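Asks: The structure that follows is given in the form of structure tokens.
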Amino acid sequence: MNVFSFAMDLSAGTFRDIQSFRQIIETSIGGQLIAKIDIAMIDAAEAANHAMANASDAASAAPLDFAFHRIIIDAVSNETLSEIYRMFKPLMIKAIEMGKARDLSAAIEEHRLILQALRDKDALAYAFHAASHARFGMECLSEAAVVAG
């Protein structure tokens, strides 16, 4: 059930909260992720990233980007965390879409670096690239505020 599917217009504050939440979670799971993720999961995330690269626009890329991140979250095997991502899926996809409108190719490259770190079982590189990817999303908000301001 998509509890928050009615709330598809994101304020700057909601966008910031979603990105901050994702940054906290996705950068802190590195150790568990490295221990639990397998090649099939990495390949599935890579397929989502490849499909994202072939998307025609931000709206069609956003669900694929979310799928990439869901694979990573689900690899940790924490049902509570996976359920939170399922519950917030509509809001996260909307936030992702807002970010992808800025520069889809940069996100695809960041995903590639994250995947390489996972293939290498390098928790430090994973944390670095996951944090860099999250910062990119926050920069989208800052740039949008300047344009709107």
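Asks: List every residue pair whose Cβ atoms lie under 6 Å apart, where the two residues are 6 or more positions apart in sequence or sit on different chains, the first residue falls within the stretch 107-122 and is surrounded by 15 or more Cβ atoms within 10 Å (Cβ to Cβ), and the second residue, located anywhere, is at pLDDT 95 or above and outside any helix (DSSP H, G or I).
Replies: LEU118/ILE37
Asks: Another question, if that's okay. Output the qualifying pairs, or none if there are none: Cβ atoms under 7 angstrom, residues six or more apart or on different chains, first residue in the stretch 6-24 and closer than 10 Å to MET92 by Cα and of a type in the set (D, E, K, R), second residue surrounded by 14 or more Cβ atoms within 10 Å (Cβ to Cβ) and modelled with pLDDT of 80 or more.
Replies: Short answer, once both residue conditions are applied: ARG22/ALA134.
Asks: Report, by residue number, each residue of the stretch 70-87 that is more than 15 Å from ASP38 (Cα to Cα) and either touching a strand residue (DSSP E or B) at 6+ places or on another chain (Cβ under 7 Å) or assigned to a helix (DSSP H, G or I) (or both).
Replies: Residues satisfying the conditions are GLU79, THR80, LEU81, SER82, GLU83, ILE84, TYR85, ARG86, MET87.
Asks: Let me ask something else. Scanning for something under 13 Å from the mean Cα position of the chain (by Cα) and buried (at least 18 other Cβ atoms within 10 Å of the Cβ), does the stretch 32-45 turn up at least one residue? Steps first, please.
Replies: First, the residues of the stretch 32-45 that are under 13 Å from the mean Cα position of the chain (by Cα): 45.
Then keep just the ones that are buried (at least 18 other Cβ atoms within 10 Å of the Cβ); that gives 45.
Within the stretch 32-45, one or more residues are under 13 Å from the mean Cα position of the chain (by Cα) and buried (at least 18 other Cβ atoms within 10 Å of the Cβ).
The values are calculated or read from the model by the stated rules, or taken from the named source; none is laboratory data. All of these numbers come straight from a predicted model, not from anything done at the bench. Please note: Cβ atoms are built from the backbone with ideal geometry, for glycine as well, and neighbour counts cover all protein chains shown.
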